[in-house]
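Derivation of every value follows stated rules applied to the coordinates shown; laboratory data play no part. Owing to the predicted nature of the structure, the values given are computational and were not obtained by experimental measurement. Quick reminder, even Gly has a Cβ in these numbers, built from the backbone with ideal geometry, and neighbours come from all protein chains shown.
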Amino acid sequence: MPRSSVHLLRHGEVHNPDRVLYGRLPNFHLSDLGREMAGRAAHYFADRAGAGARIVYLAASPLTRAQETARPTADALDLAVVTDERLVEALNHFEGLADVRAQLKDPRHWPYLLNPFRPSWGEPYRGQVRRMMAAVGDARRIAVGIAGDGAEAVLVGHQLPIWVTRRSAESRTLWHDPRRRECTLASVTTLEFEDDRLVAVRYAEPSADLLPGAANLPGA
């Protein structure tokens with residue numbers, strides 16, 4: 001019964017002076033602080049590898065900020081970055097808008113606010129979990145095929161899909177208060193498996209000391 005781990009790495013801080021809900025929009029790059037966070041994540045995984053962890057597979061969302069976050073880890077571990085569309089940010093009706101809280105006062109948006117449990121303003125939570133867990137399953141199988149028992153993979157993605165995947169793994173409701181997500185910038189949510197059975201969830205913040213003052217808009 002091979003053991004394996006899949007690490008879900010959220011991207012670092014994005015350069016976004018207008019505080020736009022950028023969602024799936026292209027060309028939102030990491031800020032200088034975000035690049036430092038990506039470097040911290042690379043050190044985190046390099047330290048694991050130095051202690052004997054076999055991290056053999058790396059994939060990232062196609063969005064710019066995820067690809068840029070993945071690059072230092074790829075360099076540190078001498079891995080290619082596989083682009084996986086399933087790791088992309090959630091769709092959101094408010095994508096491209098600034099000051100979303102103020103936008104909620106506009107009656108044109110009210111039909112999208114009728115069901116916060118689905119949610120009605122974007123991609124259903126269950127759909128996000130399905131695509132994320134499909135990516136996790138494939139990454140786990142590939143890693144085990146390469147390195148056998150104890151293999152590890154890293155998937156770089158976005159806050160909301162990672163957070164609802166964790167909530168599902170912990171048998172919690174998928175609807176939640178976005179302000180209370182435990183999925184900070186460049187954080188690592190780890191799913192541990194025995195064969196294909198999920199046995200544990202761990203969480204780490206390699207950039208904890210960089211978070212005060214960082215721009216951190218919920219992506220969806």
222 nm [θ] for the chain, helices only, -39500 (n - 2.57) per DSSP H run of 4+, per residue, to 500? -10500 deg cm²/dmol
Acute angle (nearest 10 degrees) that the helix 159-169 long axis makes with the longest principal axis of the chain, alpha-carbon atoms: 60 degrees
Once you have the Cα-Cα distance between ALA204 and ASP149, take 0.36 nm times their residue separation minus that, and quote the gain in nm to one decimal. 17.5 nm
What number, in percent, do you get for the relative contact order of the range 53-98 if the mean sequence gap of Cα pairs under 8 Å and at least 6 apart is divided by its residue count? 42 percent
Take every DSSP beta bridge whose two residues both sit in the chain, then give the antiparallel share in percent to the nearest 5. 55 percent
List, in order, the whole-Hz ³J(HN,Hα) value for each residue of the range 95-105 obtained from phi through the Karplus relation with A = 6.51, B = -1.76, C = 1.60 and θ = phi - 60°; use x for Gly and Pro. 3, x, 9, 9, 6, 4, 4, 5, 4, 5, 7
Tell me, what ³J(HN,Hα) does each residue in the range 189-204 have, in order and in whole Hz, if you take phi through Karplus 6.51 cos²θ - 1.76 cosθ + 1.60 with θ = phi - 60° and put x for Gly and Pro? 9, 10, 9, 9, 10, 10, 6, 9, 9, 6, 10, 6, 10, 10, 9, 9
Kindly express, to the nearest 10 degrees and within the range 0 to 90, the angle between helix 32-50's C-alpha long axis and the longest C-alpha principal axis of the chain. 30 degrees
With Cα coordinates, the longest principal axis of the chain makes an angle with the long axis of helix 64-77, in degrees rounded to 10, of 10 degrees
For ASP18 and GLU85, what does the FRET efficiency come to when R0 = 22 Å and r is the distance between their Cβ atoms, rounded to the nearest 0.05? 0.25
Only Cα pairs under 8 Å and at least 6 apart count here; give the relative contact order of the range 1-156 as a rounded whole percent. 37 percent
Relative contact order for the range 167-220 using alpha-carbon pairs under 8 Å, separation at least 6, rounded to a whole percent? 31 percent
Exposure-ranked with fewest Cβ neighbours within 10 Å first, ASP196, ASP138 stand as ASP196, ASP138
